[in-house]
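The structure appears below as structure tokens.
None of the figures in this text is laboratory data; all of them are computed from the coordinates on show. In this text the structure is predicted, and so the values were computed from the model without any measurement. Here the Cβ positions follow ideal geometry from the backbone for every residue, glycine too, while neighbour counts run over all protein chains shown.
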Amino acid sequence: MDYYYGQEAEMFTFFRMPKLLFSDPRYKSLPTDAKLLYGLMIDRMELSLKNGWQDAEGKTYIYMRQEEAMEILNIKGTATIVRLYKALETVGLLERKRQGLGHPDRLYVGRLTPPPDFQKKEVQTFKKKKSRLSKIESLELQKTKVIPNKTEKSNLYHQSINLSDAAESTQPPADTASGMEEWKSKIKLNIDYGGLSRGEYGIHYLPDDIDELVTLMADECDNPKPTIRVGGVDRPRDEFRRRVNRIDTMRIMRILDTLAHPDPDHPIHNRRAYLLTMLYNHHTNNPTPEEY
């Protein structure tokens, strides 16, 4: 038997296999082959991005015939592969849309969501941070700051934290002293910052890259200027905020993958401008590196 030495294992390419499929009780009942099939579909997303396979709503879809999946997974019976597709549909990780006329089905790969207690933990952390900030504020600052009433506080809090309202909230928080942190908290919830940092999606990204993107998004969302320079064009900042609010785990992973595998033939000269363009265009295609 031969052995691996040093970093020799890195010479291979890998299918993505999110750890969450094996650690989250919600997916424990999935057959192992169904989890492998999901990993194949996640890998196929890269081809979809290159080909621009997105519907009118900006949702990415893939093509993978059952015969192709059977060959890759070495499955002999059609009934088995049908059962695996159905298993993924049952837990919300796959949606099929038939095209008819002999065309293959469009497959929409469902996004893995963090465990139910994740949002609760993040909200508790956010409350603790806010409590610490209020204790160390100077008395003079407290006198000059306008304190909203209870109803206004409640509405502001839910705009910043509630994921169901995230796409509708585009204005920076009223309290500019803590606005940056509130944007960071919202963004971290949307992208499952904790899961990404812990490598729960099967890929260990550089913490500095994750933090850089979070800080950049929060900084630009909190900026009071009405426009933002993206790709050499002045764009409405509210539109940038709306797009940032739609960045979820899968979309941030695409951007992180690009950062982890830069094109040596097209070096990035202005990293901030490049990242802003990727963040703005996350729902279509990544910007071409040669522009920067």
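Highest mean first, the peptides 261-273, 40-52 sorted by other C-beta atoms within 10 Å per residue fall in the order 40-52, 261-273. If I take R0 = 45 Å and measure r between the Cβ atoms of residue 235 and residue 82 in this structure, what FRET efficiency does the formula 1/(1 + (r/R0)^6) give, to the nearest 0.05? Efficiency, from the Cβ-Cβ distance: 0.45. With a Förster radius of 25 Å applied to the C-beta separation of residue 53 and residue 225, the computed FRET efficiency comes to 0.10. Shown here for segment 1-77: chymotrypsin sites (Phe, Trp or Tyr not before Pro) in loop regions (DSSP other than H, G, I, E, B) with at most 14 other Cβ atoms within 10 Å, namely 3, 4, 5, 12, 14, 15.
log10 I(q)/I(0), Debye, Cα-only segment 8-109, no solvent, q = 0.17, 0.25 Å⁻¹? So the normalised log intensities are -0.85, -1.50.
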